[in-house]
Amino acid sequence: MTPAPHPPPPPPRLLITAGPTHEPIDAVRYLGNRSSGRLGVALADEGASRAWPTTLLLGPSPALPARPEVELVRFQTAAELEALLKAHAPRCDVLVMGAAVADFRPKAPASDQTKLKRTDAPITLELEPTPDLLANLSQSKRPGQLFVGFALEPSASMLEGARGKLERKGLDLIVANPLETMEAPDIEATILSRGAPGAPIKTRRLAAMPKPDFARELLDTIARILSSETQP
Ligand code: CTP
């Protein structure tokens, strides 16, 4: 008698972060960055089109997912994203950390109701570092969870910077892309992945392509890794 075939594994639960953070200076001003959030949105739509349960934590970005199946949760600041990740990350199988998280924020923003007054004298804004959300999450990563980071780097030191972040942040994959692609419709990415323990880091350079095409490539790569991990 032939043994009953194994039921297919459930689809992976995908958690994506995308977009910039806005760190308030006062009631109307903030420190932000030029991330468009478009790649994260394309990844969420791609995940949903594969019937992967997909949650998108999205910063203040005008881009929005087209697929209604995407669970969309908004944030403004690194602290809000940190709290959302605490709640959502333990339940996901794959975390794709595309958000361009501020590395520094105003130490003492004026209260919600206050707008700083014009003055003729220079003023100083004191900044404090934000926590490295991804590195901290990696400390409590479950076996079988897959963490993907991004490394936005100047072209000249891109690969070296990405390798450092892959190690330091405890990641399985990192997508390195040159600074110039931050706002562009296309991405010129190199995917770096950790092989077996002790094996050298694998580097795959992709041609420039529109962000939705890259989203497909990246989820194909993730699907391949997940299926190789579940092979008996
Ligand atoms: N990241 C994070 N928390 C931060 C800063 C970055 O989780 N406070 C994540 C990003 O979402 C990205 C990865 O870390 O997946 C790398 O972000 P990047 O801006 O390239 O690097 P940094 O760690 O900020 O280092 P640097 O700015 O010095 O290059």
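Every number in this text was worked out from the coordinates using simple rules, so none of it is lab data. The model shown is predicted, which means the values in this text are computed figures rather than measured ones. Cβ coordinates were reconstructed from backbone atoms using ideal geometry, including for glycine residues, and neighbour counts include every protein chain displayed.
Laid out as a table, the results:
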read-out: Inter-label distance for Arg67 and Asp213, nm, one decimal - labels placed 7 Å from Cα along Cα-to-Cβ; value: 2.0 nm
read-out: Burial ordering of Val175, Val73, Val101, fewest other beta-carbon atoms within 10 Å first; value: Val73, Val101, Val175
read-out: Cross-link reach list, lysines versus Lys165, counting only Cα pairs under 18 Å and skipping chain neighbours closer than eight places; value: Lys141, Lys202
read-out: Label-point gap, in nm, between Glu160 and Ala184 - each point 7 angstrom along Cα→Cβ; value: 2.2 nm
read-out: Fewest-first sequence of His6, His88 by Cβ atoms within 10 Å of each Cβ; value: His6, His88
read-out: Positive-end residue of Pro178, Pro122, Ala135, charge dipole of the stretch 120-232 with Cβ unit charges; value: Ala135
read-out: Spatially proximal aspartates and glutamates relative to Lys115 (Cα-Cα < 19 Å; intrachain offsets below 8 disregarded); value: Glu23, Asp26, Glu126
read-out: Of all DSSP beta bridges in the chain, antiparallel share, percent nearest 5; value: 40 percent
read-out: Calculated SAXS-style log₁₀ I(q)/I(0) at q = 0.14, 0.20 Å⁻¹ - the stretch 1-103, Debye, Cα scatterers; value: -0.54, -0.94
read-out: Least to most buried among Thr119, Thr21 (fewest other Cβ within 10 Å first); value: Thr119, Thr21
read-out: Rg(Cα) / (2.2 N^0.38 Å) computed for the chain, rounded to two decimals; value: 1.10
read-out: Dipole magnitude (debye, nearest 20) for the stretch 168-232, charges at Cβ of Lys, Arg, Asp, Glu; value: 340 debye
read-out: Residues of the stretch 12-34 with amide N under 17 Å of a point placed 7 Å along Cα→Cβ from Thr114; value: 24-31
read-out: Span-like helix ranges in the chain, DSSP H, alpha carbon extent 27 angstrom or more, Kyte mean at least -1.0; value: 211-230
read-out: Full-stretch length increase - Arg168, Ala83 - with 0.36 nm per residue and alpha-carbon distance subtracted; value: 28.4 nm
read-out: Estimated D of the stretch 30-160 in µm² per second, where Rh is the Kirkwood radius over Cα pairs and Stokes-Einstein applies at 20 °C, 1.002 mPa s; value: 126 µm²/s
read-out: Amide H contacts of Phe75 (H built 1.01 Å from N, under 5 Å, at least 5 apart or other chain); value: Leu58, Gly59
read-out: Amide proton proximity set for Leu127, modelled H, under 5 Å, gap of 5+; value: Lys107
read-out: Glu153 long-range amide H proximity, modeled H, under 5 Å; value: Asn177, Leu179
